[in-house]
Amino acid sequence: MDEKRLLAALSGLPVGRVAYFASIGSTNDLAAEWAAAGAPDLSVVLADEQTAGRGRAGRRWFTPKGSALAFSLTLRPENLPNCDPTLVAGLGALAAAEALQDLYGLATQIKWPNDVLLGGRKACGVLAEAHWLGSQLQALVLGIGINLARSSVPPEEFLSLPATCVEAETGYVVEPAALARAVVQSLLAWRPKLSEQEFIAAWEERLAYRGERVTLSAGPETLTGCLLGMEPDGRLRLEIASGKIRRVEAGEIRLRREVDSAGK
Ligand code: BTN
């Protein structure tokens, strides 16, 4: 990643503190430190390489040098109409999906709650983490990782879901600075609408596996049924075998298309 280009691409946007690192542990960790130290809303930490990148449910997230876009934003609660981390993660996924579609004409889907898929494979992951001081929510740190070049796609044995990268879909390596700008712009446009149906509808419009049979594991419970869509509050709506409707919160869930979960 070219630091100058990245910083230039974000200039002119209403971002807070911005810093780029050639290598870092995790951009989410530094953004959390910044948040605790009082960094302004929309501060951005970007890195070319992460040596301890984190994903959901304690999984690792690979960001090898020169291969991906990895960054974290500090979102202050006073500028968030809703501080539910699931909605905020959905905001990140929608922004990344929109940017990939607008810039490169890629058809994007969101595997609920917040994996962005290209051609049915995961190309982008989002991690929203709430940071509290006692009972006071200080900030939500929203980390976004987008696989750009083929070298960003981890080996099969590390994957819980088939993965891909933007290069595999476009046929060329894209410019991270332009993509970072487009993601932040989309995020800025959607953030004020986080509590509105327009936001849920845009998220739901990209929902992967809609109308298909899926398996959802939430702790010890496994649900199988037809994925109907989303609820106005962002929960997933599932018609389970008995014909009953279940509404599921994100939490630590694993969502699989039936055919995938049977094949693995
Ligand atoms: C997932 O799909 O499990 C979430 C992956 C989130 C990865 C991003 S990359 C930038 C930020 N820093 C991290 O350590 N994780 C997030």
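A short reminder: the numbers here are calculations on the coordinates, not readings from a lab. Small disclaimer: the values here were computed from a predicted structure and weren't measured. With ideal geometry, Cβ positions are generated from the backbone for all residues, glycine too; neighbour counts draw on all protein chains shown.
Of note:
- In the chain, helices alone account for a calculated mean residue ellipticity at 222 nm of -8000 deg cm²/dmol, with every DSSP H run of four or more residues adding -39,500 (n - 2.57).
- Taking amide H as placed 1.01 Å from N in the peptide plane, the amide H of ALA128 sits under 5 Å from that of GLY143, each at least 5 places away or on another chain.
- Gyration tensor (alpha-carbon) shape descriptor, segment 1-134, a/c threshold 1.5: rounded
- Sparse-neighbour loop sites [trypsin sites (Lys or Arg not before Pro); segment 197-256; at most 15 other C-beta within 10 Å; DSSP]: LYS244
- Mean-position separation - Cα centroids, segment 130-167 and segment 219-252, in angstrom: 24
- Pair ASP102, ARG17: separation of 7 Å Cα→Cβ label points (nm): 2.8
- Distance between modelled label sites at SER160 and ALA36, nm, 7 Å Cα→Cβ extension: 2.6
- Under Karplus coefficients 6.51, -1.76 and 1.60, residue-wise ³J(HN,Hα) of segment 25-32 in Hz, glycine/proline x: x, 9, 5, 5, 5, 5, 4, 5
- Kirkwood hydrodynamic radius of the chain, Cα pairs, Å: 18.5
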